[in-house]
Amino acid sequence: GHVGFPLSLMLANAGFIVTVIDTDLERLQAIRGGSFPFRETGLPELLARCLTDFPERLLLSSEYSQVQSCDVIVITLATPVNEHLNPETVGIETCIWRMRPFLRSGQTLLLRSTLFPGTSSRIRAMLLSEGLDVGVSFCPDRIAQGNALKELSQVPQIISGSCAPALQHASALFGPLGIDLIELELHEAEIAKLFLNSWRYVAFGTANQFYQIASSRGLDFGRIRAAISHKYARASGFPRAGFTAGPCLFKDTMQLAAYCRHTFSLGHAAMLVNETMPDCVLEEARKHLEGQGRSFSGTCCGILGMAFKPDSDDVRESLAFKLRKLLQWEGARVLCTDVHIHHAGFVSVNEVLAQSEIIFVGCPHPEYSELNFAEGQRLFDCWGAYGSPRLQIRSGASELSH
């Protein structure tokens, strides 16, 4: 997956013998043939190097029994939230119980993806109750998808362990990557991952709330944001608006809310804002049509980009699909395109441009930055990806008197 496989290649490149275990036989076969399974800058080349120069360090298997020869077992299964926004730990518990017959005392389970706080200690206790002195380490992944090659060797790594051997295993694993290692307790490390992603989700939610306020008053959020940020260092962290989605931010924010018994009001407020951004841009388009005495019914609308973020081929939790569903409900004819994704029903970008009267930016891939839109074609771009805000900026003359 997106978390485990890039790390596997980096560790193999650093000299470790790595066994990749996955139940997807087709994907494993494709990897053996040199095909990288998703978009990651530089990693297809690293995979080719691993397969050519040191294939004995990168082993691929679908059998859990392979863990018995490993000192450290890295698990990258995340904890999802269910329809009630509560964590579901069944997946990771099932994974560990399937490995149970092949585990031995002295090994370390190194957990990498989001866990509900307390899960690491619970797993340690479960294994001890089975007579297995297997250490547990939680070392949260903080790598931006698409930049794994660069960030795995640059971003400091938080490490933790249930015992001294587990912490030593974590240090030995990440130390050769040449990054700072920051030690926390297990529970602290689990919370750190949730705090980080929830903070980012709330920050994006703040920008999106401002966008919605500006839009409701007929104001240009991008122009206002540009004015606020111009040569003003304290506004450097003010994010742009856009569809805040993907496999981590929403889920981790809801995990934190569940952890504090749903008293995390900021997180819930951010969810209400971020999840309704497709509704917001739809209402902007509705006002445009109503001004012409029309509705969405029969109108051809195009969506540019369906991934959850630019320069990615990952559609998990993408709000562009929610926008498509809303438009279809309104009776619009919807054409979708994505330069990196080939789903049934998607069309080419040229077809979207040729047939759509209204175009929404679902995901502003860089490949779309130079597109030309027809006269009369209306673009709705909550990301602010097209066109720089028009600001009148004058340099003031200062005269010092003595």
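The values are calculated or read from the model by the stated rules, or taken from the named source; none is laboratory data. Keep in mind it's a predicted model, so treat the numbers as computed, not measured. Every residue, glycine as well, gets a Cβ built from its backbone with ideal geometry; the counts of neighbours run over all protein chains shown. The accessibility values were calculated without ligands, DNA or RNA, using every heavy atom of the protein model including side chains. Shrake-Rupley method; radii C 1.70, N 1.55, O 1.52, S 1.80 Å.
P(r) for the range 1-110, from all Cα pairs and a bin width of 10 Å, is 13, 42, 32, 12, 1 %, short bins first.
Phi-derived couplings, Karplus 6.51 cos²θ - 1.76 cosθ + 1.60 at θ = phi - 60°, listed residue by residue for the range 32-39: 4, x, x, 8, 7, x, 7, 6 Hz, with x used for Gly and Pro. Remark: the range 104-162 projects, on average over all directions, an area of 4.7 nm² (convex hull of Cα atoms). When the pairs Lys193/Lys322; Lys287/Lys322; Lys251/Lys322; Lys251/Lys309; Lys287/Lys325; Lys150/Lys309 are compared against a 21 Å limit on Cα-Cα distance, Lys193/Lys322 fall above it. Centre-to-centre separation between the Cα atoms of the range 127-154 and those of the range 359-388: 39 Å. Dipole size of the chain about its Cα centre, with +1 on Lys/Arg Cβ and -1 on Asp/Glu Cβ: approximately 800 debye, rounded to the nearest 20. With the convex hull drawn over the C-alpha atoms of the range 308-388, the volume per residue is 102 Å³.
Check each of the chymotrypsin sites (Phe, Trp or Tyr not before Pro) in the range 229-282 and keep only those in coil by DSSP with at most 10 other C-beta atoms within 10 angstrom; list them in order. Qualifying residues, ordered by number: Tyr232. Within the chain, antiparallel bridges make up roughly 5 percent of the DSSP beta bridges whose residues both belong there.
Residues considered: Glu367, Glu26, Glu375. Largest GNM mean-square fluctuation over the chain, using C-alpha springs under 10 Å, is found at Glu375. GNM on the chain, alpha-carbon springs under 10 angstrom: the most fluctuating residue among Asn274, Asn86, Asn208 is Asn86. Atom-type composition of the exposed protein surface of the chain places 52 percent of the accessible area on carbon and sulfur (1.4 angstrom probe).
Seen from every direction in turn and averaged, the convex hull around the alpha carbons of the range 248-402 projects onto 15.4 nm². Across the range 316-327, coupling constants 3J(HN,Hα) worked out from phi with the 6.51/-1.76/1.60 Karplus curve, θ = phi - 60°, read 4, 6, 5, 7, 4, 6, 5, 4, 4, 5, 4, 5 Hz, and Gly and Pro carry x. Pairing the Cα long axis of helix 119-129 with the longest principal axis of the chain, what angle in degrees results, from 0 to 90 and rounded to the nearest 10? Once rounded, the angle reads 20 degrees. For the range 257-349, trypsin sites (Lys or Arg not before Pro) meeting the loop criterion (DSSP other than H, G, I, E, B) and having at most 16 other Cβ atoms within 10 Å: Arg261, Arg294, Arg316.
Looking at the chain as a GNM with Cα springs under 10 Å, which of Leu323, Leu11, Leu272 has the largest mean-square fluctuation? Largest GNM mean-square fluctuation: Leu272. Surface calculation, 1.4 Å probe, protein heavy atoms: Thr206 sits at approximately 60 Å² accessible.
For Thr299, the residues whose amide H sits under 5 Å from its own are Arg333, ignoring neighbours fewer than 5 places away on the same chain, with H placed 1.01 Å from N. Its Cα gyration tensor gives the chain an equivalent ellipsoid; the semi-axes, largest first and in whole Å, are 42, 25, 22. Between the helical axis of 164-174 and the longest alpha-carbon principal axis of the chain there is an angle of about 50 degrees. In sequence order, the range 336-345 has phi-based couplings of 10, 9, 8, 5, 10, 10, 10, 9, 4, x Hz under the Karplus curve 6.51 cos²θ - 1.76 cosθ + 1.60, θ = phi - 60°, and Gly or Pro positions carry x. Rolling a 1.4 Å probe over the protein heavy atoms leaves Leu103 with an accessible area of roughly 20 Å².
With all pairs of different alpha carbon atoms counted, what Kirkwood hydrodynamic radius in Å does the range 60-175 show?
For the range 60-175, the Kirkwood estimate is 15.0 Å.
Calculate I(q)/I(0) for the range 248-331 by the Debye formula, one identical point scatterer on each C-alpha and no solvent, and give its log10 at q = 0.11, 0.14, 0.19 Å⁻¹ to two decimals. With no solvent term, the Cα-only Debye profile gives -0.42, -0.62, -0.91. In terms of its C-alpha gyration tensor, the range 162-208 comes out oblate, because a/c is 1.5 or above while a/b does not outweigh b/c. In terms of overall dimensions, the range 133-222 has a Cα radius of gyration and Dmax of 18.5, 63 angstrom.
Amide H contacts under 5 Å for Glu183: Ile159, restricted to partners 5 or more places along the chain or on a different chain, H placed in the peptide plane at 1.01 Å from N. Distance from the C-alpha centroid of the range 247-326 to that of the range 46-80: 36 Å, rounded to the whole angstrom.
The H on the amide N of Leu110, modeled in the peptide plane, is under 5 Å from the matching H of Ile73, Val74, Ile75, Ser137, each at least 5 residues off or on a different chain. Solvent-free Debye calculation, one equal scatterer per alpha-carbon of the range 196-308: log10 I(q)/I(0) at 0.09, 0.15, 0.19 Å⁻¹ equals -0.31, -0.78, -1.06.
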